[in-house]
Amino acid sequence: MTTGVRRRMGVDERRQQLIGVALDLFSRRSPEDVSIDEIAAVAGISRPLVYHYFPGKQSLYEAALRRAADELAARFLEPLEGPLGARLLRVMGRFFDFVDEHGPGFSALMRGGPAVGSSTANAMIDGVRQAAYEQIITHLGVAEPPARLELVVRSWVSLAESTALIWLDGRRIPREELEMQLVHDFAALAAVSAAYDQEMAGIVLRMLSQEPADGPFGDLLARLSAFAPDDPAVPAQRLPKP
């Protein structure tokens, strides 16, 4: 989409415009398929002028990935209001909005690409993962997370990432189902950890006590009840007492 209008921009304004153009193009096609000539044409400037603001495609690609990483991290921001299950579901909705809008760009951010060094890409995605982790811990209201809780949250963040990457390859499962499933996955990971640790049991029981029956966690319990044994001789599993 060519602007068709040429006007003098300040240095920062022009850099931000080029980053936006590059991010849009990288979001629709693999970065290696996007040329500096195409970025210049869409921005409505000459190729040499692109190089005036960025030394090369790699530096522009890194800047676009940085903006994408910052935007993705912001998708995990959520007000500390209401049940946790509903909050996580809203976060997953925004997360998949980003994945849907920036398919190839999301894959490039998570996997790195030929135009960006592995250390740079790893630092960017580690920053996103850390931001997501800190947000979830904040929502759980735990000042000093125990080791098992850290394992649960970091595992869940990685699961959301890998689920999104797999989903992009064909989108064979409705995204709304995956969003809900990932919220259920969080509860399941926490519950399994709680079965081994009293401190985790207290966190999970406190978490579930604030959940409505018609919320995401209540929906999971209803689905799992279909697998509960009908034979009263089969003992039910209980969480350890906090």
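The values are calculated or read from the model by the stated rules, or taken from the named source; none is laboratory data. Computed from a predicted model, the values in this text were never measured in an experiment. Ideal geometry is used to build each Cβ from the backbone, glycine not excepted, and the neighbour counts take in all protein chains shown.
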(message) For region 68-82, which positions are surrounded by 16 or more Cβ atoms within 10 Å (Cβ to Cβ) and not acidic (Asp, Glu)?
(response) Ala68, Ala69, Leu72, Ala73, Arg75, Phe76
(message) I'm checking my understanding of the structure. Among residues of region 70-97 that are among the aliphatic types (A, V, I, L, M) and either outside any helix (DSSP H, G or I) or within 22 Å of Ala121 (Cα to Cα) (or both), which one is farthest from the chain's Cα centre (by Cα)?
(response) Leu80
(message) Given the options Asp185, Asp197, Asp169, name the one that is modelled with pLDDT of 95 or more, of a type in the set (D, E, K, R) and closer than 24 Å to Asp126 by Cβ.
(response) Asp185
